[in-house]
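> Have a look at the structure that comes next, please.
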Amino acid sequence: MDILEKLSLAGLVPIIKVDDASDAVPLCKALAKGGLPVAEITFRTAAAPEAIRLVRENLPECMLGAGTVLSVEQAKQAVASGAGYILSPGFNPKVVAWCVENNVPVIPGCSCPSDIEAALEFGLRLVKIFPAESLGGVKFLKALSGPYVNMSFAPTGGLNESNMLDYLALPKVKCVGGSWMVPSDAIKNKDWDKITEMSQRAVKLMLGLELRHVGINSESAEDALKGAALMSKLTGLPIKDGTSAAFVGTEYEFCKSKKPGKNGHIAVATNCISRAVWHLEQMGFAFDEPMYNAEGKFNAIYLKDEICGFAVHLLQK
């Protein structure tokens, strides 16, 4: 899996400006602790090359990129320091050409169709849209998605907790970038716990994990229907009888035969199942093989281990 695919699974790219290179490692550790082992250290300060070098040496697992790269010389500095990919605010053909010639992943900034067509000429399939909100936000990206079917987007500029889900809901958006997880006052005060907290909150919002239903194993169809009748009486929710199970509302599934899990299963829905799997794997969870719907789309997957006798599976919202 290449770095751009990993960025898509991470979903969020914290954009960092450091004045003191020694802050970079504890900052990136705080991000990783919050579920984001990824960072874009910008060349907005002279500390950038040393900050990148320190992170690469101390946190080799970090998906580390260099941002605000404005020249070939800066690109060379960034790669020599240990950056795994290059980002720029605009489309600089010299920077892009150097990166392509040297097999360095590059995500150039684009603000109009002409920029995107120039990127396509270089064989790129992912570009940064900057400044996304000022350019028209989600409506602008929807308009671009029509003619440029082979291009995906990584919008930055004006994104935050209040609008990032609108962007991530677009099929062509692979990831979003922003600095709201790394506020300048927290860096200045070396408040790494705050950065961890804000990262955790951003990841939680992005994944949108929520209980969809609880499945209860029964010995027979008769037992399942009896259980469903009692739950319906208790909750006032209607029964919908099916071939393999009887649902009470949408919250309770009474299985007519043995299904995964000693006692049953718990279904947890998420905004993006592939992204949720990646993030949960970073936390130490392991999964069985993915399941696909009739259209061939990945839409469900079970955890390998049960929780208190219940199998747990993720569902795509």
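The values are calculated or read from the model by the stated rules, or taken from the named source; none is laboratory data. A quick note: this is a predicted structure, and the numbers were derived from the prediction, not measured. Note that we place each Cβ from the backbone using ideal geometry, even for glycine, and neighbour counts take in every protein chain shown.
> Give region 97-136 a look and list any residue that's under 20 Å from CYS175 (Cα atoms) and among the aliphatic types (A, V, I, L, M), or say none. First the steps, then the outcome.
Here is the first cut: in region 97-136, the residues under 20 Å from CYS175 (Cα atoms) are 104-113, 115-116, 119-120, 123-136.
Passing the criteria: VAL104, VAL106, ILE107, ILE116, ALA119, LEU120, LEU124, LEU126, VAL127, ILE129, ALA132, LEU135.
> Would you say THR68 is surrounded by fewer than 18 Cβ atoms within 10 Å (Cβ to Cβ), under 18 Å from GLY177 (Cβ atoms) and β-branched (Val, Ile, Thr)? I'd like the intermediate steps shown before the answer.
Numbers: surrounded by fewer than 18 Cβ atoms within 10 Å (Cβ to Cβ): no; under 18 Å from GLY177 (Cβ atoms): yes; β-branched (Val, Ile, Thr): yes.
Criteria not met by THR68.
> Run LEU27 past the list (1) within 21 Å of GLY109 (Cα to Cα); (2) touching a residue at least 12 places away in the same chain (Cβ under 8 Å) and report the number of the one that doesn't hold.
Here LEU27 clears every test but (1).
> Now for a different question. Hey, any hits in region 10-18 for a residue that's assigned by TED's automatic domain parsing to the domain that holds LYS194, farther than 22 Å from PRO89 by Cα and within 22 Å of the chain's Cα centre (by Cα)? If you could, list the steps in order and put the result at the bottom.
Step one: list which residues in region 10-18 are assigned by TED's automatic domain parsing to the domain that holds LYS194, which gives 10-18.
Checking which are farther than 22 Å from PRO89 by Cα leaves us with none.
No - not one qualifying residue is present in region 10-18.
> Can I ask one more? Give the residue, chosen from ALA39, ALA51, ALA46, that is part of a helix (DSSP H, G or I) and either over 19 Å from the mean Cα position of the chain (by Cα) or assigned by TED's automatic domain parsing to the domain that holds TRP192 (or both).
Details: ALA39 fails: part of a helix (DSSP H, G or I); ALA46 fails: part of a helix (DSSP H, G or I).
Among ALA39, ALA51, ALA46, only ALA51 is part of a helix (DSSP H, G or I) and either over 19 Å from the mean Cα position of the chain (by Cα) or assigned by TED's automatic domain parsing to the domain that holds TRP192 (or both).
> In region 159-187, how many are of a type outside the set (Phe, Trp, Tyr) and either part of a strand (DSSP E or B) or within 24 Å of ARG125 (Cβ to Cβ) (or both)? Give the steps one after another, and end with the answer.
Step one: of region 159-187, the residues of a type outside the set (Phe, Trp, Tyr) are 159-166, 168-179, 181-187.
With the extra rule that they be either part of a strand (DSSP E or B) or within 24 Å of ARG125 (Cβ to Cβ) (or both), the set shrinks to 159, 164-166, 168-178.
Qualifying residue count for the region: 15.
> Can LEU211 be described as out of contact with any His (no Cβ under 7 Å at 6 or more places or on another chain), more than 25 Å from LEU314 (Cβ to Cβ) and among the hydrophobic types (A, V, I, L, M, F, W, C)? Write out each step before concluding.
Numbers: out of contact with any His (no Cβ under 7 Å at 6 or more places or on another chain): yes; more than 25 Å from LEU314 (Cβ to Cβ): no; among the hydrophobic types (A, V, I, L, M, F, W, C): yes.
No.
> Another one. Got a number for residues in region 288-313 being in contact (Cβ under 8 Å) with a residue 40 or more places away in the chain, aliphatic (A, V, I, L, M) and out of contact with any Phe, Trp or Tyr (no Cβ under 8 Å at 6 or more places or on another chain)?
Within region 288-313, residues that are in contact (Cβ under 8 Å) with a residue 40 or more places away in the chain, aliphatic (A, V, I, L, M) and out of contact with any Phe, Trp or Tyr (no Cβ under 8 Å at 6 or more places or on another chain) number 1.
> With the condition kept exactly as written, say whether any residue in region 160-177 is within 27 Å of ILE301 (Cα to Cα), surrounded by fewer than 19 Cβ atoms within 10 Å (Cβ to Cβ) and touching a residue at least 40 places away in the same chain (Cβ under 8 Å).
yes
> Separate question: Scan LEU237, LEU225 and give me the residue that is over 30 Å from LEU27 (Cα atoms), outside the structural domain of LEU12 (by TED's automatic domain parsing), in contact with a Gly (Cβ under 6 Å, 6 or more places away or on another chain) and of a type outside the set (Asp, Glu).
LEU237 is the lone residue from the list that is over 30 Å from LEU27 (Cα atoms), outside the structural domain of LEU12 (by TED's automatic domain parsing), in contact with a Gly (Cβ under 6 Å, 6 or more places away or on another chain) and of a type outside the set (Asp, Glu).
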